[in-house]
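The values are calculated or read from the model by the stated rules, or taken from the named source; none is laboratory data. Not measured: the values here are computed from a predicted model. All Cβ positions, glycine included, derive from the backbone under ideal geometry; neighbour counts span all protein chains shown. SASA here: full protein model, heavy atoms, side chains in, ligands and nucleic acids out. Shrake-Rupley method; radii C 1.70, N 1.55, O 1.52, S 1.80 Å.
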Amino acid sequence: MAKSVFVLCFLFISFATCVFSRVILPEKDNHVTAILDVSSSVQKTIDILSFNPDQILQEEEDSDNEAQSISAFSSSFSFTAKVQSRDTILKSTHKDYETLTLDRLKRDSARVDSIITNLDLAISKSDLKPLVVEKEFEELKSQDRDNIVGPITSGLSHGSGEYFSRVGVGHPPKPQYLVLDTGSDVTWVQCAPCTECYQQTDPIFEPSSSTSFAHISCDAQQCKSLDNSACSNESCLYQVNYGDGSYTIGDFVSETLTFDNSKTTVEKISIGCGHDNEGLFIGSAGLLALGAGSLSFPSQVKATAFSYCLVDRDSSSASTIQFGPEDQPADAITAPLLRNSRLPTFYFVGLTGMSVGGQPLNLSGSVFDMSPGSLSGVIVDSGTSVTRLRTDVYNALRDAFVEGTQHLPSAGAFALFDTCYDLSSKTTVSVPTVAFLFPGGKSLVLPAKNYLVPVDSKKTFCFAFAPTRQQLSIIGNLQQQGTRVSYDTAKSVVGFSPNKC
């Protein structure tokens, strides 16, 4: 169990003064080193550049269909869907793995900036509405949407979207790739006709081809639950702004979604049908919102629990996301799921510390505490790639790791990574373990490949954490890879089950 030390004394000539300060000193765990398979990691960097996404689509077409239809939701039903990494649905256009990594890190930085901006706005009660967006929103309300025409253009990449799921939209279902995002509450897809749409893998969804498409009235509770809505001809319009200035605008509608190659049909889901989508999610058709708010997909289907497992982003394999109750594996590491009433979308986790080489870092006991009135605490996020830590925590973590890797040749810095190694002469290496520590003496020990990652195909590997000037820390998907992460809002528990993909 963790121990607390409270007394700090200063000795003067004639007396001693003691100051009480809480510092958490968890007991040392038994995991000291981990083995990184350098050759295997580098081979994946080569394979992902030549992967053909058509293989995935063909496998889906050949799969068996045993359908179930769900129209009345309860907390007891469950279903699953496949999860794929971004680079298995888009044919790579990168000349090498280094440029692919730089592109990923650029998207990731945009994602984190967006999260911080939106959380700052939520806490300060202010609202970001670019004037150009407000003008277009008013135009969309006033004009006949059946006559909207415009070019389909490629937008800038909003940072989210490293993992996608194939979802059928409408009836009959039109397969679309949607980004899985635990940091969003509004599910949406791009819809024809477009005033402005970015480039996506699948054809733009055509509402007129769906018999289950229905507008939502302005006085419906779903419309009232939107943060930003308007009314046109008694139908609800929505607008979602992202912190980097990106947005999606359109009709808020009821539609049918199908999962797992039409094996599961879920009716009457409230989603955005975006006719004007700027700077978002290149490749995907939209977003499947997995946040904790009332309009998120899990909330709408009354799923008090869901879980996902994220495969290695350089792997062509698929994993699954499951909605509905499931028993936690016996070896699951559980932690408190915390809620912030001012930030209801996000999943905060009770983290008490971190360790390197089995040795807990000497951190303040309040360093990961969540305060409702400030941007603090720790969130688990599917869209952020690289875990962000408060600068003081990151410095302590990095310094401890560097101390334990003095036998490895340094390679300087790369983009946002300040600690990298030249492993060109290695096939495997032994490195100190890194672990997240939770209440009750529990620890999630990460595989070496989840924190020492290749940034090129020449065996340059970097320590995959990054500092942030914010008090908020984010556990990203690189550190979640290969672990089934479960969210049980009924029991207020987050579970981590290693090797359960």
Completion exercise
Subset of segment 402-437, residues of a type in the set (S, T, N, Q) and touching a residue at least 40 places away in the same chain (Cβ under 8 Å), comes to THR419, THR427, THR428, SER430, THR433
Problem - Which numbered condition ALA415 misses (of (1) of a type in the set (Gly, Ala, Ser); (2) in contact with a helix residue (DSSP H, G or I) (Cβ under 9 Å, 6 or more places away or on another chain); (3) open to solvent by less than 10 Å² (accessible area, probe 1.4 Å)) - result: (3)
Handout entry: Single condition LEU437 does not satisfy, out of (1) surrounded by 22 or more Cβ atoms within 10 Å (Cβ to Cβ); (2) assigned to a helix (DSSP H, G or I); (3) not polar (S, T, N, Q)
Key = (2)
Exercise for the section: Kindly indicate the residue of segment 325-334 that is among the aliphatic types (A, V, I, L, M) and in a loop (DSSP other than H, G, I, E, B) and also surrounded by the fewest Cβ atoms within 10 Å (Cβ to Cβ) among those meeting that condition. Expected result: ALA330
Exercise for the section: Restricting attention to segment 217-241, report how many residues are over 15 Å from LEU295 (Cα atoms) and touching a residue at least 12 places away in the same chain (Cβ under 8 Å). Expected result: 8
Handout entry: Among the residues listed as LYS459, LYS449, LYS426, LYS442, the single one being over 23 Å from PRO409 (Cα atoms), among the charged types (D, E, K, R) and at pLDDT 95 or above
Key = LYS442
Exercise for the section: Give the number of residues within segment 209-234 that are in contact with a helix residue (DSSP H, G or I) (Cβ under 9 Å, 6 or more places away or on another chain) and among the small types (Gly, Ala, Ser). Expected result: 4
Problem - Boolean, ASP399 is among the acidic types (Asp, Glu), assigned to a strand (DSSP E or B), more than 24 Å from SER85 (Cα to Cα) and open to solvent by 10 Å² or more (accessible area, probe 1.4 Å) - result: no
Exercise for the section: Kindly list the number of the only condition in (1) surrounded by fewer than 21 Cβ atoms within 10 Å (Cβ to Cβ); (2) in a strand (DSSP E or B); (3) more than 22 Å from the chain's Cα centre (by Cα); (4) not basic (Lys, Arg) that fails for SER425. Expected result: (2)
Practice task
Looking only at segment 335-346, decide whether some residue is of a type in the set (Phe, Trp, Tyr), part of a loop (DSSP other than H, G, I, E, B) and within 24 Å of GLY441 (Cα to Cα).
Solution key: no
Exercise for the section: Say whether the condition of being closer than 23 Å to ILE216 by Cβ, surrounded by fewer than 19 Cβ atoms within 10 Å (Cβ to Cβ) and not acidic (Asp, Glu) is met by at least one residue in segment 255-263. Expected result: no
Exercise for the section: Would you mention how many residues in segment 195-221 are hydrophobic (A, V, I, L, M, F, W, C) and in contact with a Pro (Cβ under 8 Å, 6 or more places away or on another chain)? Expected result: 1
Handout entry: Any hit, segment 84-96, residues being modelled with pLDDT of 90 or more, open to solvent by less than 80 Å² (accessible area, probe 1.4 Å) and part of a strand (DSSP E or B)
Key = no
Fill in the blank from the handout: Restricting segment 179-211 to residues that are β-branched (Val, Ile, Thr) and not in a loop (DSSP other than H, G, I, E, B), the one farthest from GLU255 (Cα to Cα) turns out to be VAL179
Exercise for the section: Select, from GLY482, GLY440, the only residue that is over 21 Å from the mean Cα position of the chain (by Cα), under 25 Å from THR304 (Cα atoms) and touching a residue at least 60 places away in the same chain (Cβ under 8 Å). Expected result: GLY440
Exercise for the section: Residue by residue through segment 403-412, note down the ones that are surrounded by fewer than 13 Cβ atoms within 10 Å (Cβ to Cβ) and either part of a strand (DSSP E or B) or aromatic (Phe, Trp, Tyr) (or both). Expected result: SER410, GLY412
Practice task
Within segment 322-378, track down each residue that is over 27 Å from GLY293 (Cα atoms) and free of Cβ contacts under 8 Å to residues at least 60 places away in the same chain.
Solution key: ALA330, LEU361
Practice task
Might you check whether a residue that is open to solvent by 20 Å² or more (accessible area, probe 1.4 Å), part of a strand (DSSP E or B), in contact with a Ser or Thr (Cβ under 8 Å, 6 or more places away or on another chain) and over 28 Å from GLN84 (Cβ atoms) occurs anywhere in segment 302-324?
Solution key: no
